[in-house]
Every structure is written in structure tokens, then in C-alpha cells.
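S.K.: There's a structure below that I have some questions on.
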Amino acid sequence: GSGLGKGWPGGLTLRPQVYRSLGLNQSEIDAYFTGPAFLAWNRMGNLHGWAGPLPPSWHLKQLYLQYRIVERMRSLGMTTVLPAFAGHVPQGVLRVFPRVNATRLGGWSHFDCTYSCTYLLDPEDPMFQVIGTLFLKELIKEFGTDHIYSADTFNEMTPLSSDPAYLSRVSNAVFRSMTGADPEALWLMQGWLFQHQPDFWQPAQVQALLHGVPLGRMIVLDLFAESKPVYQWTESFYGQPFIWCMLHNFGGNHGLFGTVEAINHGPFAARRFPNSTMVGTGLVPEGIEQNDMVYELMNELGWRQEPLNLPSWVTRYAERRYGASNAAAASAWRLLLRSVYNCTGVCVNHNHSPLVRRPSLHMDTELWYNASDVYEAWRLLLSAGAELGSSPAFRYDLVDITRQAAQQLVSDYYQSIRGAFQSHALLELLTAGGVLVYDLLPELDSLLSSHSLFLLGRWLESARAVATSDQEAEQYELNARNQVTLWGPSGNILDYANKQLGGLVLDYYSVRWSLFVSALVESLNSGSPFHQDQFNQAVFQVERGFVYNKKRYPAVPAGDTLEISRKLFLKYYP
């Protein structure tokens, strides 16, 4: 299987020394790399410069980390994957080689050319082979090789031409730059692009890109196979081997979620597909540390001959997880299995709960499951507290399910707030808004603050810990804060990587809600309409204010999880 998450950046360390050997100066290199929190998108050609530059110490520490990772993987008999050259280059390459054929790609997502529009070296330009082979030879000299290399030239970026001959030449050039350094090279490629831009990647275009490489010398990750499998409409990737991957999580968002039926049956269906070229299963989440059960299940399926009986599997899971069998806990898990973990159809899990989104009058409160199943599972799990309270995994799960119940309650209060505003009921608006802002959100924050894995302070301290100076620590902390909130200088991909953390709920989400409720109250009082645009400008100051507030958050939990959950339950259980 494949152990690399969607867009995993690995092995960036050697780029600077390759660019320096080509004649680029330090300022040109600095203008290229993003800050640490955005390097995955730098490597895939989406972004440059944002939240950077990278200090020299960063490259050095990454190099040593890479040595340790590679050594540990090989000692366990795992196959390492090294990053190859995909064609994206700093603008400085055009100064050093003025005759080189490079094209500027368009802006990515909500970024303009200030931080996006990367230069793509024409794969047919001789410099492509020079840089690509030079980079890979350096990498192999440094780390040895297991002959598998990753490169993603067009991840969420539209190629310059849809001509199949052009696309074949591109993939062939990328592959040749690998074999120039290692004749045995295998290319590992994310198959995300095919389902992300299906209008561009018609069957002819997909086949052309895949057939630019000899059959068997490319392995494609069918990256989102549990929801949008590509192998089915590409005749099993036109003969190239592929790995059936579960993506599951975007942005490291919290929120109970899973597609257990699709996971339980998908890999077996892919094996039985006519002329199937499936060679393994993989897990490629953007972020982990949420929904442990789903990863446990997916990892187990790789060893199975046929789908599992899920209700009996999850009953045993609860027992293994808590170290004791408990009827209430097992019932809670069977309820979760059939509800939050049983999303069917095309499920794309970005947490859209109003809790973690910028407030407006048009927020998404739809659920794919029955909310009462979660409330009931909460009740059952809490009732097992006396017996299982000493288990760390139980305490984590109790926070997580209480958090999920609170997230559902936020939607209910939001609907009350919106309804009261629309029917000009000031008293109801003040009541619902008051409970949300002054009780429910602070209570949720104190629940999260009772567990180390739900602390903003831990997230920020681990970013600071990589630094070798106070100045670096500040930069890394700003990277970590920006990634979970604004995601860009101006909220470009706002709340994409939202997390529910103690500290973040109180000083970010709650402050936004407070401002929203105040704006609605003001609107009713003055009889002037609520303007979303004006609110967005005001709330952006709050969001940005959080990123730069310089406040130190505790990295050590406070309070008793069981007590806080019980208190919330007595107050809020519907």
C-alpha cells in the first residue's frame, strides 16, 4: 500500500542546493518556497512565496528528519518513495537560462499571481532533463533508492493543451528525467487530477498521459476511490497498475465521518473489475488525528479476502479500543456505525458545520445521518464512564462525541437565530444568540481544553518547537495559525483546514458568532437591512486579529473530561 497523504511534500531539502548549483541566487530561491504549512502546495505548483521564506535551518532539519524516516522505513521492510522533478521552477531559472521554454500557469484556487501562477518548464525543453536528472541524482546520492518516485505536474492545474500527443510527450519527459538518474525508475502519480477536472481529462487525455510511460512503469493512486473512483471509467487506468486509496479527510477537519460501506466493498469490487490492474490498497488523508475507527477499518481490509460484518467488527473494535467489553459502549459504536460513519453516495467530507464557518444567513445545516443517533450514542458512552473512565482512548472518544453533539447543537441555535431574525423577533434572537455565544461555545471550549489532543496550544507549540530562533518560532506559529483559519493572506481558502481546538473555539469561532449576533440585533434595532459584505469586512478583522494576537495558549489540559461532558449533557441533551 501507499503511506503518503494527499499532496505529501517529502524530500524538499535538496531543491535549494540544486537551484544554487544551477546559478540561482538566494533571494530567487527565497521568493519561491512557501512557509512550512504550505509546502505541499508549493511542490505541486499551486503556490510560491506565501508565508515564507524558509530559513536555512529548516532545510537542514528536514534533511536530518528525512535520513531518520528513510532509515526507519527500510529497517521495517517498507519501500520508500522519493520525490522527482515535476517541472515547476522558480522564476529565477528564466534569468539564468533566458532561452528556456517555460510557461506561466494560471492562478490556483482563490490565489492571484502574487503567490500563484507558477512557471512550468516545457517538458520538451532540454533543460527539463538536465534539472530533473540532476535533482534525482543528488537525491539518490543522499538517500539511496528503492526505485519509486513521485511527481505531480498537473495537480489542480490545467495543462497548456488538451492535445493527446502533447500530454503523452509531457509524461514521457517526466519519466525520462527519472530513468536518466535511475534506469529502474517507477513513477508513482496521484490520480486526483482526473476526477478533479473531468471536463479536461476525457478518456483520450487520460489514456495519452498514462501511455506516455511504458506499461507497468507507473503506479497510479486512485486517490478518492471510496467516493469518486477513476479506474471504473478508464478501463483500469488503461493497463497501468493502480492502488485503491481511501482519502476520507480533507484539511484535517474534526467531525465524525466515514463511508464504511464504500470502504468495506470497494477494494474487493476493484479486484474483480474486468482486466483489473489493482496492486494494493492505500490511505491518503490530508490530515489524521480524527476518526481513528475509519483508519483502523481500512488498514484491516487490506488483509481480508472479503467484506467484513461491520456491526460485529465494530463491537469487537470497541472492546479492543477500551481494553474491556462494555455493552453500552458497544451499542454507542453500533449507532455511530449506522449514522455518521455510513455516508453513502458521493461523500466529500469538508466540515460545513456553522460552528467552523464564517457566519451568514445562508449556512449549510444538512446532515447525511440522523442527529438523534449521535445524541443517543453520547448518552450511552457517558453511561460507560464509571467502568471505562480510566482508558485514555475512552476519554478521547468521549470528547469527540460530545464535540459532535455540540456541533449539532450549534446548527440548531443557528437556525433559531436565523428564524428569529427573519421574523423580527428580537427577544428570541437575544435568547438564542446569548445561549450560543455565552454558554454553549465556552462550554465546548472548556471540554476541548480538558484533553491534550484537542488543544490549540499543542498545535502551536509543536510548530514553534521546530524553530532555532525566536524569529523562526514566530514565523512557524503564524504559519500554523494561518493554516487553520484564513488559509492565505486574505482568507483565500477560509476555514478549509478548520479544527475544533480548545482556545480556537473561544478566541476565533465564538468571536465571529458574537459579532454576527450583534450585527443582527443592530439591524433589527435600527430597522436597516443586514449586509453580508459589510459583515464580511468586519469579521475579517476578527479573523486576522486572531492570527496575529500573540497570545500563548496552554499546551497542558485542564479540567475533568467526564465531568465537563456530563455537565454539557445535563444542560443540552435534547
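The values are calculated or read from the model by the stated rules, or taken from the named source; none is laboratory data. Here the structure is a predicted model, which is why all the values come from computation and not from measurement. Note that each Cβ is placed from the backbone with ideal geometry, even for glycine, and that neighbours are counted across all protein chains shown. What goes into the accessible areas is simple: the full protein's heavy atoms, side chains included, and nothing from ligands, DNA or RNA. Shrake-Rupley method; radii C 1.70, N 1.55, O 1.52, S 1.80 Å.
S.K.: If you take the beta carbon distance between Asn299 and Val521 as r and set R0 to 30 Å, what does 1/(1 + (r/R0)^6) give as a FRET efficiency, to the nearest 0.05? Kindly include the intermediate steps, with their values, before the conclusion.
M.R.: Working: r = 50 Å, r/R0 = 1.67.
E(calc), rounded to 0.05, equals 0.05.
S.K.: So which cysteines of the chain have no other cysteine's Cβ under 4.7 Å from theirs?
M.R.: For the chain, the answer is Cys245, because their Cβ atoms have no other cysteine Cβ under 4.7 Å.
S.K.: Projecting each Cα onto the charge dipole of the chain (Lys/Arg +1, Asp/Glu -1 at the beta carbon, about the Cα centre), which of Pro359, Gln202, Leu283 comes out farthest on the positive side?
M.R.: After comparing all options, I get Leu283.
S.K.: Angle, helix 126-143 long axis vs. longest principal axis of the chain, Cα atoms, 0 to 90°, nearest 10?
M.R.: Roughly 70 degrees between the two axes.
S.K.: Once fully extended, how much extra length lies between Trp368 and Glu428, figured as 0.36 nm per residue of separation less the alpha-carbon to alpha-carbon distance?
M.R.: Numbers: separation 60, 0.36 × 60 = 21.60 nm, distance 2.85 nm.
Difference between extended and current length: 18.8 nm.
S.K.: How many percent of the accessible area of the stretch 63-148 is carbon or sulfur, using a 1.4 Å probe?
M.R.: Values: 2310 of 4290 Å².
Heavy-atom surface of the stretch 63-148 belonging to carbon and sulfur, 1.4 Å probe: 54 percent.
S.K.: With 32 Å as the limit, write out which pairs from Lys141/Lys550; Lys141/Lys228; Lys499/Lys571; Lys61/Lys228 have Cα-Cα distances beyond it, or answer none.
M.R.: Details: Lys141/Lys550 43 Å; Lys141/Lys228 39 Å; Lys499/Lys571 24 Å; Lys61/Lys228 37 Å.
Table pairs above 32 Å Cα-Cα are Lys141/Lys550; Lys141/Lys228; Lys61/Lys228.
S.K.: Also: Relative to the first principal axis of the alpha-carbon coordinates of the chain, what is the inclination of helix 327-338, with its axis defined by its Cα atoms, in degrees from 0 to 90 and to the nearest 10?
M.R.: That works out to roughly 60 degrees.
S.K.: Taking amide H positions as placed 1.01 Å from N in the peptide plane, with prolines and chain starts having none, which residues 5 or more places from Leu186, or on another chain, fall under 5 Å of its amide H?
M.R.: Residues meeting the amide H criterion: Ile148, Tyr149.
S.K.: Which of the peptides 161-169, 43-51 is most tightly packed, and how do the rest follow, going by the mean number of other Cβ atoms within 10 Å of each residue?
M.R.: Working: 161-169: 16.0, 43-51: 24.0.
The most tightly packed comes first, giving 43-51, 161-169.
S.K.: Determine the sum of side-chain charges near Gly35: Lys and Arg each +1, Asp and Glu each -1, restricted to other residues whose C-beta is under 12 angstrom from that of Gly35. List each step's numbers first, then the result.
M.R.: Working: positive: Arg481; negative: Asp30, Glu472, Glu474, Glu477.
Taking every other residue near Gly35 into account, the sum is -3.
S.K.: Amide H neighbours of Ala102 under 5 Å, counting only residues 5+ apart in sequence or on other chains, H built in-plane at 1.01 Å?
M.R.: Asp122
S.K.: Could you give the length gained on full extension between Tyr67 and Ser528, defined as 0.36 nm per residue of separation minus the Cα-Cα distance, in nm? Please list the in-between numbers first.
M.R.: Numbers: separation 461, 0.36 × 461 = 165.96 nm, distance 6.24 nm.
Extra length from Tyr67 to Ser528 when fully extended: 159.7 nm.
S.K.: With a 1.4 Å probe and all protein chains left in place, how much of the accessible area of the stretch 154-282 comes from carbon and sulfur atoms, in whole percent?
M.R.: Values: 2200 of 4230 Å².
Of the solvent-accessible surface of the stretch 154-282, carbon and sulfur hold 52 percent.
S.K.: Considering only protein heavy atoms, what per residue accessible area in square angstrom results for the stretch 184-304 with a 1.4 angstrom probe? Walk me through the intermediate numbers first.
M.R.: On the way: 4170 Å² over 121 residues.
Value returned for the stretch 184-304: 34 Å² of accessible area per residue.
S.K.: Over the heavy atoms of His265, what accessible area does a 1.4 Å probe trace out, to the nearest 10 Å²?
M.R.: Surface open to solvent at His265 totals about 90 Å².
S.K.: Over the stretch 320-572, with the other protein chains present, what is the accessible area per residue in square angstrom, probe 1.4 angstrom?
M.R.: Details: 10480 Å² over 253 residues.
Here the residues of the stretch 320-572 average 41 Å² of exposed surface.
S.K.: Taking the highest mean first, how do the peptides 90-98, 394-402 order by number of other beta carbon atoms within 10 angstrom per residue?
M.R.: Working: 90-98: 16.9, 394-402: 23.4.
Per-residue mean Cβ counts within 10 Å order the peptides as 394-402, 90-98.
S.K.: Using alpha carbons only, how many degrees (0 to 90, rounded to 10) separate the axis of helix 164-179 from the longest principal axis of the chain?
M.R.: 80
S.K.: Looking at the chain, what % of its DSSP beta bridges pair antiparallel, to the nearest 5? Before the final figure, lay out the partial values.
M.R.: Working: 6 of 25 bridges.
Here the share of antiparallel DSSP bridges comes out near 25 percent.
S.K.: If you project the alpha carbons of the stretch 311-369 onto their three principal axes, what span does each projection cover, largest first, in Å?
M.R.: 46, 24, 15
S.K.: Using a 1.4 Å probe on the protein heavy atoms, what percent of the accessible area of the stretch 320-572 belongs to carbon and sulfur? Spell out each step's value before the answer.
M.R.: Values: 5620 of 10480 Å².
On the stretch 320-572, the fraction of accessible area on carbon and sulfur atoms equals 54 percent.
S.K.: Now for a different question. Using a 1.4 Å probe on the protein heavy atoms only, what accessible surface does Phe224 show? Give it in Å² to the nearest 10.
M.R.: 10
S.K.: A follow-up question, please. Given points 7 Å out from each Cα along the Cα-Cβ axis, report the Asp560 to His265 separation in nanometres with one decimal.
M.R.: Here the modelled spin labels are 4.7 nm apart.
S.K.: Multiply the residue separation of Ala538 and His147 by 0.36 nm, subtract the distance between their alpha-carbon atoms, and state the gained length in nm to one decimal. Don't skip to the end; give the middle numbers.
M.R.: On the way: separation 391, 0.36 × 391 = 140.76 nm, distance 5.27 nm.
Gain in length upon complete extension: 135.5 nm.
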